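I have placed the structure first, in the form of structure tokens, so that the comments after it can refer back to it.
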Amino acid sequence: MTTAAWRDEKRNDTGPCFACMALALALLAAVVASFAYLAVDYRQLFSGESIRLMARFVREFFPPDLSPAFLAKAAWGALQTFAVAAVGTLLAMVGGGLLALPAAGRFGLAARLAARLLLNFLRSVPELVWAALMVIAAGLGPFAGTLALALHTTGVLGRLYAESLENVPAAPERALRDAGSGRIAAFAYATLPLVMTQGVAYALYRLEMNIRMAAVLGFVGAGGLGQLLYFHLSIFQQAQAATLLIAMFLLVFVVDSSSAAVRARLAPAHG
């Protein structure tokens, strides 16, 4: 056996990964400790009485309320939920795009650190917390939900846009600058087209997530299907709640399917 072949065989024969085994054991111990800490009474959960009560609760959702008046109410709530998610995502695209420029280091180190700190703060606060704060600041309704989604999504999209700008080749923009083009024109004609398609794909993906979250934000008073669902559940109108759940599913399905189709068409352009 040659020296090179022996080295290759030695490199491939690394033996067991003790660090991996230790990590797996630590995760297993954490899961077991979590179940022990929660102290869930599984015997009570799966007892005959509990199953009977759960079955009765599920039966109360059927049949859903399909009266024309309530269907119109559910459709209006779905439209409001979509509007909250769409406007919130659009505002986040603008805010994230503006913050991405300094976050990518285009205005110096101090601006880069400040922009990244702001983006980290915006996305580290969950949407539900933002919604609770915005409800206090702006009152109940879809405006609070729109602001909450816009703030959190600005942090997410701003970070993604900044990374896209950092990874884009600098040669095209540098070539235009060397040819006498201005700084803004060079960015608009050389760098922006390279990241635009990927930026739109990121925004569409966040729109899918914001549709789901907009429905959840209604539970803290941010409007849409979630607020309607919370209201009807709180007064034990399960038939109406079932209709709202169906409307929520249909809205998410339509938006997810449409967004996935658009992103699939955009994929060859930036993949």
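Given the DSSP H assignment, sum -39500 (n - 2.57) over each helix run of at least 4 residues in the chain and divide by its residue total; what's the result at 222 nm in deg cm²/dmol, nearest 500? Mind showing how you got there, number by number?
Values: 13 runs with 219 residues, N = 271.
Only helices count here, giving -27000 deg cm²/dmol.
Please give the net charge around Asn120, taking every other residue with its beta carbon less than 15 angstrom from that of Asn120, where Lys and Arg add +1 and Asp and Glu add -1. Mind dumping the intermediate values first?
On the way: positive: Arg112, Arg116, Arg123, Arg159; negative: Glu163.
Overall, the nearby charge balance is +3.
For Cα Rg over 2.2 N^0.38 Å, which listed value, [x] 1.39; [y] 1.24; [z] 0.98, comes from the coordinates shown?
Here Cα Rg over 2.2 N^0.38 Å agrees with entry [x].
Quick one: length gained pulling Arg43 to Leu194 fully straight, 0.36 nm per residue minus the C-alpha distance? Provide the component values of the computation, followed by the final result.
Details: separation 151, 0.36 × 151 = 54.36 nm, distance 5.85 nm.
Gain on extension, Arg43 to Leu194, equals 48.5 nm.
For Arg183 and Ser124, what is the calculated FRET efficiency with R₀ set at 30 Å and r taken between the beta-carbons, to the nearest 0.05? Before the final figure, lay out each step's value.
Working: r = 32 Å, r/R0 = 1.07.
FRET efficiency, Arg183 to Ser124: 0.40.
For the stretch 21-54 and the stretch 120-142, write down the distance between their C-alpha centroids in whole Å.
Each part reduced to its Cα centre gives a spacing of 32 Å.
Filter the DSSP H helices in the chain by two things, a Kyte-Doolittle mean of at least -1.0 and an axial alpha-carbon span of 24 angstrom or more, and list the hits by number.
On the way: long enough: 18-38 (30 Å, 2.37); 68-103 (52 Å, 1.43); 142-167 (37 Å, 0.45); 192-217 (35 Å, 0.93); 238-270 (47 Å, 1.11).
In the chain, the long hydrophobic H runs are 18-38, 68-103, 142-167, 192-217, 238-270.
Can you sort His152, His232 so the residue with the fewest Cβ neighbours within 10 Å comes first?
Numbers: His152 25, His232 20.
Fewest to most other Cβ atoms nearby, the residues stand as His232, His152.
What FRET efficiency, computed as 1/(1 + (r/R0)^6) with R0 = 45 Å and r the Cβ-Cβ distance, is obtained for Ala30 and Ala110, rounded to the nearest 0.05?
Plugging the Cβ-Cβ distance into 1/(1 + (r/R0)^6) gives 0.65.
With Cβ to Cβ distances under 10 Å as the rule, what net charge do the other residues near Leu157 carry (K, R +1; D, E -1)? Don't skip to the answer; put the middle values down first.
Working: positive: Arg123, Arg159, Arg206; negative: none.
Around Leu157, the surrounding residues sum to +3.
Here, each number is a calculation from the coordinates, and none is a lab measurement. All values derive from a computational prediction rather than experimental measurement. With ideal geometry, Cβ positions are generated from the backbone for all residues, glycine too; neighbour counts draw on all protein chains shown.
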